[in-house]
Amino acid sequence: MKQRVKVVLCGKEYVLSTEDAPSYVYQLAKSLEKRIGDITENNPRISAHSAVMMVALSTMDELTKANNSVEVIRSQVKEYVDEAGKARLERDAALREIDVLKAKIEQLENLNKLKELKESIQADELETKKKKKKAVPAPETPAADPTEAEPAADAPAEEESGEKQLSLTDTEA
């Protein structure tokens with residue numbers, strides 16, 4: 001809702017119609033009056049009208065520079081937002097890759113455990129076979145008949161034909 005606000009500038013009264021709060025309009029008028037007064041105090045030959053024009057020109061300069069700064073900041077913010085979006089996409093891709101790598105690590109760990117288990121089972125089986133061989137007695141060889149004793153080392157060996165050589169003590173009848 002528009003309000004009517006009365007201000008005094010350079011000794012002249014102005015009635016303004018505004019939607020801003022009256023306190024804000026009074027603050028603006030006071031700041032403008034001060035700036036005009038600073039110019040006229042430092043240069044007594046300058047008219048109030050010329051001082052107002054100088055303040056208006058200075059204010060327009062400040063406004064233009066402020067708007068340019070705002071545009072630069074907007075542009076920078078847009079770049080930052082774009083970079084943040086790219087970084088977020090890269091982070092998401094990296095997180096997905098991490099999940100894939102974690103799954104591969106888990107698979108490799110499981111394969112390693114299976115390999116170790118297989119080796120353990122094979123070692124157990126080998127140990128069991130060794131124990132069985134030790135537990136089963138070797139087949140007994142029949143006791144040697146004393147009559148079939150092996151010839152003494154100094155006794156003559158059998159001939160290749162299988163006949164025994166007769167010793168001198170044997171007699172022929």
Review point. Which lysines have a Cα lying under 25 Å from the Cα of K102, excluding residues fewer than 8 positions away in the same chain?
Key: K86, K113, K115, K118
Practice item. Work out how far the C-alpha atoms of region 3-75 reach from end to end along every principal axis, then list the three figures in whole Å, largest first. Key: 43, 34, 14
Exercise for review: Calculate the spin-label point distance for D92 paired with R45, positioning each point 7 Å from the Cα along the beta-carbon direction, and give it in nanometres.
Suggested key: 7.0 nm
Review point. Taking Cα centroids, how far is region 25-56 from region 72-96 in Å?
Key: 47 Å
Check your understanding: Given 0.36 nm per residue, what is the gain on full extension from D20 to D99 after removing their alpha carbon distance, in nm?
Key -> 22.8 nm
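Read the figures in this text as sums done on the coordinates, not as results from a lab. Because the structure is a prediction, the values reported are computed rather than measured. Neighbour counts are summed over all protein chains in view; Cβ atoms, including those assigned to glycine, are modelled from backbone coordinates with ideal geometry.
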